[in-house]
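Below is one structure, written out as structure tokens, with a few remarks after it.
The values are calculated or read from the model by the stated rules, or taken from the named source; none is laboratory data. No experiment lies behind these values; they were computed from the predicted model shown. Cβ placement follows ideal geometry from the backbone for every residue including glycine, while neighbour counts extend to all protein chains displayed.
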């Protein structure tokens, strides 16, 4: 029996040129928080897939370093920031370009018990467009997520960085599922521990 696939949401990254792109996320999910959590899940699943597709390409470690720097700029000792993560000359457009140069489509798919990312990226210059897609996507999330969801994204990415540091490699097939799972479970565990820590004094 063929498994049933259901599209949960989709992100479009529309490049007007190499360094300028428009982004949006579309989903039928009516609940705002659920939409944001789905968007975070799609980003995490797409990120591990892009890292895998880059293979031995030097862009993979560069992308990981970029994300670690972005996390440090977002979660600071003074609280959450919404930094500009894009480099000089890069721009996240506010309107759909009239003459798109490249279209990237990232879909969050529910397949039985699992969720996965399906990525449609045009061939050619993958070393630029694969990482650039994730850079623009992260900037979009940092700019648009609610504060609780932005913090949750940073926790997920922290777990994912720990996974690549201690457990798996970017070019390992297992990382496609194990990486995001580890990232999300790390984030959820942290939130649960914090709740318990704050409830403990009141319990006495």
Just to be sure, is residue 47 under 26 Å from residue 96 (Cβ atoms), modelled with pLDDT of 95 or more, buried (at least 17 other Cβ atoms within 10 Å of the Cβ) and out of contact with any strand residue (DSSP E or B) (no Cβ under 7 Å at 6 or more places or on another chain)?
yes
Kindly indicate whether residue 66 is outside any helix (DSSP H, G or I) and under 27 Å from residue 185 (Cα atoms).
no
Among the candidates 73, 38, which residue alone is under 15 Å from the mean Cα position of the chain (by Cα), assigned to a helix (DSSP H, G or I) and surrounded by fewer than 21 Cβ atoms within 10 Å (Cβ to Cβ)?
38
(1) surrounded by 14 or more Cβ atoms within 10 Å (Cβ to Cβ); (2) in contact (Cβ under 8 Å) with a residue 24 or more places away in the chain; (3) closer than 26 Å to residue 5 by Cα; (4) out of contact with any helix residue (DSSP H, G or I) (no Cβ under 7 Å at 6 or more places or on another chain): which one isn't true of residue 117, the others all being true?
(4)
Given the conditions (1) farther than 22 Å from residue 170 by Cα; (2) in contact with a strand residue (DSSP E or B) (Cβ under 6 Å, 6 or more places away or on another chain), every one holds for residue 34 apart from (2)
Looking at residue 99 and the list (1) under 24 Å from residue 149 (Cα atoms); (2) out of contact with any helix residue (DSSP H, G or I) (no Cβ under 8 Å at 6 or more places or on another chain), which single condition is not satisfied?
(1)
